[in-house]
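The values are calculated or read from the model by the stated rules, or taken from the named source; none is laboratory data. Small disclaimer: the values here were computed from a predicted structure and weren't measured. Glycine gets a Cβ as well: all are built from the backbone with ideal geometry, and neighbour counts include every protein chain shown. Please note that ligands, DNA and RNA were not included when accessible areas were found on the heavy atoms of the full protein model with its side chains. Shrake-Rupley method; radii C 1.70, N 1.55, O 1.52, S 1.80 Å.
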Amino acid sequence: MSKLQPQAILVLPHLRVQNANAISSPLTHGFPSITAFTGLMWALQRKLKQAQIPLQLLSVGVVCHQHQEQVTQGYVRSFNLTRNPVDKDGSTAAIVEEGRMHLQVSLVFAVAEPLAPGAASALVQGAEERMGEWAAQVGEIAAQMRVAGGTLLPSRPMPGKKVRPWMALLPEDATSREQAFRRWRRQWLPGFALVGRDDLLADRLVHLRKTDDSATLLDAWLHAARFNHEALPALDGKPAVDGRVTWGDPLRPKGSGWTVPIPVGYAALSPRHAAGTVGNARDMATPLRFVESVYSLGEWISPHRLDDVQQLLWRAEVDEAKGLYRCRNDYRPTKLLVDGQNQDDEWDEEDDDYVDD
């Protein structure tokens, strides 16, 4: 894990991704795994080094603007599958189930500049032209890459939105940083950012253990992944005159947020094998370890509900002793929604300095 501190953000806005992988794990689907975007970050990092762009990508944030899963419509849905050409002997090729979806996402990277002792940094005030050149180069490199297995299409002009890659420095002063983030996040509307909610999983486990001491984290995750309808008590505590009963999920009240089960990384199933000791491995020059998916809960939240760019970003953490390779996010809910409150009250009226020309 890098010890560098973020100096700037690099934004690839409104990327149109065709046929991205919609199956994020053996148990979830509907959006690519966050590990797909951290993998993109590392692949992009290697290409930046080849292009001699002195930037290191530290973490990544994902804002989804549009999504269209390729499934049949109806109460029961199934993936739209492709029919492959016949085999060389003329027999029908087997159908391999795959989930595909079209996306429009904005990717936000926290970046730093690795420096030798005594070297001067290029990420300083007044270097906007140089950062603009780097951002344009990154956009050209990313256009040749896959995003979650999908193909990138050229971005369409959007009035009032910046669709070309851009960079901006992270102010060191907390007040200036908050003001800058308020301007940046307007470029990501309308859209929803994926943030981590490990705390909701812990709360769900506490709730289940009130009635079942043997409940596990897997039970809590499965319980939180579905609607659990039951008869709700009346607000005044008295039974309805007509005898009607209101049904709902008491743990998913109105305004509780759009929470979803998500994979967040991998846990080791075997010891680490030396490079070249496992046959038919994808890369015989890299050590290999068999793993399984690790799950948690996430929440889709509008960017204007975030207070700092760090709440948006996901970073990779490695614990070799435990064999745990997972992604972490620093989002913590700080504001409780009040019934009847206008959620747009916190928006400012500043001019948008990031409009594409």
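For the peptides 86-97, 148-159, the ranking by mean Cβ contacts within 10 Å, running from highest to lowest, is 148-159, 86-97.
The HN-Hα couplings worked out from phi for region 166-180 by the Karplus form 6.51 cos²θ - 1.76 cosθ + 1.60 (θ = phi - 60°) are 8, 10, 8, 6, 8, x, 6, 6, 4, 5, 5, 5, 5, 5, 5 Hz, whole numbers, x standing for Gly and Pro. Residues whose amide H lies under 5 Å from that of GLY276, counting only those 5 or more places away or on a different chain, are THR286; hydrogens are built 1.01 Å from N in the peptide plane.
Protein heavy-atom accessible surface, 1.4 Å probe, per residue over the chain: 60 Å².
Overall size of region 1-105 from C-alpha positions, given as principal axis extents largest first: 55, 38, 24 Å. Along region 52-60 the Karplus relation, 6.51 cos²θ - 1.76 cosθ + 1.60 evaluated at θ = phi - 60°, assigns HN-Hα couplings of 6, 9, x, 10, 10, 8, 9, 7, 9 Hz to successive residues, with x for each Gly and Pro.
How much of the pair distance distribution for region 45-193 lies past 26 Å, counting alpha-carbon pairs only, in percent? Within region 45-193, distances greater than 26 Å cover 44 percent of Cα pairs.
State to the nearest 20 debye the size of the charge dipole of the chain about its Cα centre, where the only charges are +1 on K and R beta carbons and -1 on D and E beta carbons.
On the way: 39 positive and 44 negative charges, 229 e Å.
For the chain, the charge dipole is close to 1100 debye.
Peptides 133-146, 101-114, 266-279, ordered by how many other C-beta atoms sit within 10 Å of their residues on average, highest first, read 101-114, 133-146, 266-279. Among the listed values (1) 30, 58, 12, 0; (2) 27, 62, 11; (3) 24, 54, 20, 2, the one matching P(r) over Cα pairs in 20 Å bins from 0, in percent as calculated from this structure is (3). Projecting the Cα atoms of GLN50, TRP247, LEU313 onto the charge dipole of the chain (Cβ charges, centred on the Cα centre) puts GLN50 farthest toward the positive pole. Accessible area of GLU129 (1.4 Å probe, protein heavy atoms only, ligands and nucleic acids ignored): about 140 Å².
In the chain, the portion of solvent-accessible area held by carbon and sulfur atoms comes to 52 percent [1.4 Å probe, whole percent, DNA, RNA and ligands not counted].
Average projected area of the Cα convex hull of region 192-306, in nm²? Walk me through the numbers before you get to the answer.
Details: hull surface 48.5 nm².
Mean shadow area of the hull around the Cα atoms is 12.1 nm².
Select from region 33-77 those chymotrypsin sites (Phe, Trp or Tyr not before Pro) which occupy a DSSP coil region and have at most 12 other Cβ atoms within 10 Å, ordered by residue number.
TYR75
So, how do all the Cα-to-Cα distances of region 105-217 break down into 5 Å bins, in percent, from 0 on up? Computed distribution, short to long bins: 2, 8, 12, 16, 16, 12, 10, 8, 7, 5, 4, 2, 0. Considering only GLY30, LEU12, LEU205, and ranking their Cα positions along the charge dipole of the chain that arises from unit charges at the beta-carbon of Lys, Arg, Asp and Glu, the one farthest toward the positive end is GLY30.
The stretch between ALA93 and LEU251 holds 52.2 nm of extra length on full extension. This uses 0.36 nm per residue minus the Cα-Cα distance.
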